[in-house]
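The values are calculated or read from the model by the stated rules, or taken from the named source; none is laboratory data. From a predicted model like this one, the values you see are computed outputs, not experimental measurements. Neighbour counts run over all protein chains shown; Cβ positions are idealised from the backbone, glycine included. Calculation scope for accessible area: heavy atoms of the full protein, side chains included, ligands and nucleic acids excluded. Shrake-Rupley method; radii C 1.70, N 1.55, O 1.52, S 1.80 Å.
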Amino acid sequence: IQERPEGLAQAYLLTRDFLNGAPSAMVLGDNIFFGHGLPDILHRANQQQSGGTVFGYHVSDPEVGVAAFDADGRVTQIVEKPKHPPSSFAITGLYFLDGRAPDIAAQIRPSPRGELEIVDVLEHYRAEGSLQVERMGRGFAWLDTGTPGSLLDAGNFVRTLQDRQGMQVGSPDEIAFRQGWIDHDGLASRAQVFGKSSYGAHLAGVLKE
């Protein structure tokens, strides 16, 4: 538990014993990702044996960490909230890093605002040539729901998809069932928990497929 807001990179210090040298994926709780093929690029990032993978998303006005690229498309710099962004690709809140992340986080120093910046950790990987920036194309949506307005936008986006397609967006129970992590009886039990709600009805519908 992060008792004080001392930066995203502090997560690796707090979880050092839990990770015990294992690679990890960290996602910010107020980020939403959607798109056909998303599982594929996440699987590809998870298969990387060393270094790290982050995801760049084209935005009109970058206000977070921003990646700079050379003429060959290689990342040359990651800048935290620059006044003059070197590109339109913001770094999203999803990070796949190898087992060295806690050690690297322990080496960085707090920024002027008193936080351990995740950008400094990423810059370490970039400087050694082991950071991959996967660019999310036009078919992906990245929503940062950190403000009331952006949370409303995300809710409207999800509701529109569900109403148009008749499919649930981001159902942990359906995902667990389709991945084979729970069986038919397990999903039926979960459907009963939610009863006649729209979510319970969705899970019951999955059972009938």
Discussion item. Modelling each spin label as a point 7 Å along the Cα-to-Cβ direction, I'd like the Ser130/Gln165 distance in nm, to one decimal.
Written reply: 3.6 nm
Practice prompt. Describe numerically, in nm with one decimal, the distance between label points set 7 Å from Cα along Cα→Cβ at Ala106 and at His43.
Written response: 3.5 nm
Worksheet item: List the aspartates and glutamates whose alpha-carbon lies under 19 Å from that of Lys81, not counting same-chain residues fewer than 8 positions away?
Response: Glu6, Asp30, Asp61, Glu63, Glu115, Glu117, Asp120, Glu123, Asp144
Worksheet item: In terms of the ratio Rg/(2.2 N^0.38 Å) built on C-alpha atoms, what value belongs to the chain?
Response: 1.15
Worksheet item: What angle, in degrees between 0 and 90 and rounded to the nearest 10, separates the Cα long axis of helix 148-165 from the longest principal axis of the Cα atoms of the chain?
Response: 40 degrees
Practice prompt. Determine the per residue accessible area of the range 133-209 with all protein chains present and a 1.4 angstrom probe, expressed in square angstrom.
Written response: 69 Å²
Practice prompt. Quick one: compute the contact order of the range 57-107, relative version, from alpha carbon pairs under 8 angstrom and 6+ residues apart, as a percent.
Written response: 39 percent
Worksheet item: In the full protein assembly as shown, how much of Leu38 is accessible to a 1.4 Å probe, in Å² to the nearest 10?
Response: 20 Å²
Worksheet item: Say R0 is 22 Å: what FRET efficiency, to the nearest 0.05, do Ile1 and Leu28 get from their beta-carbon distance?
Response: 0.85
Worksheet entry | His202, His184, His36, ranked by accessible area, largest first (probe 1.4 Å) | His36, His184, His202
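So if R0 is 41 Å, what FRET efficiency would His84 and Gln179 give, r being the distance between their Cβ atoms, rounded to the nearest 0.05?
Details: r = 44 Å, r/R0 = 1.06.
Computed FRET efficiency for His84 and Gln179 comes out at 0.40.
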Discussion item. Over the range 1-142, what is the relative contact order in percent, taking alpha-carbon pairs closer than 8 angstrom and at least six residues apart?
Written reply: 37 percent
Practice prompt. Whenever you get a sec, compute what percent of the accessible area on the range 56-209 sits on carbon and sulfur atoms (1.4 Å probe).
Written response: 51 percent
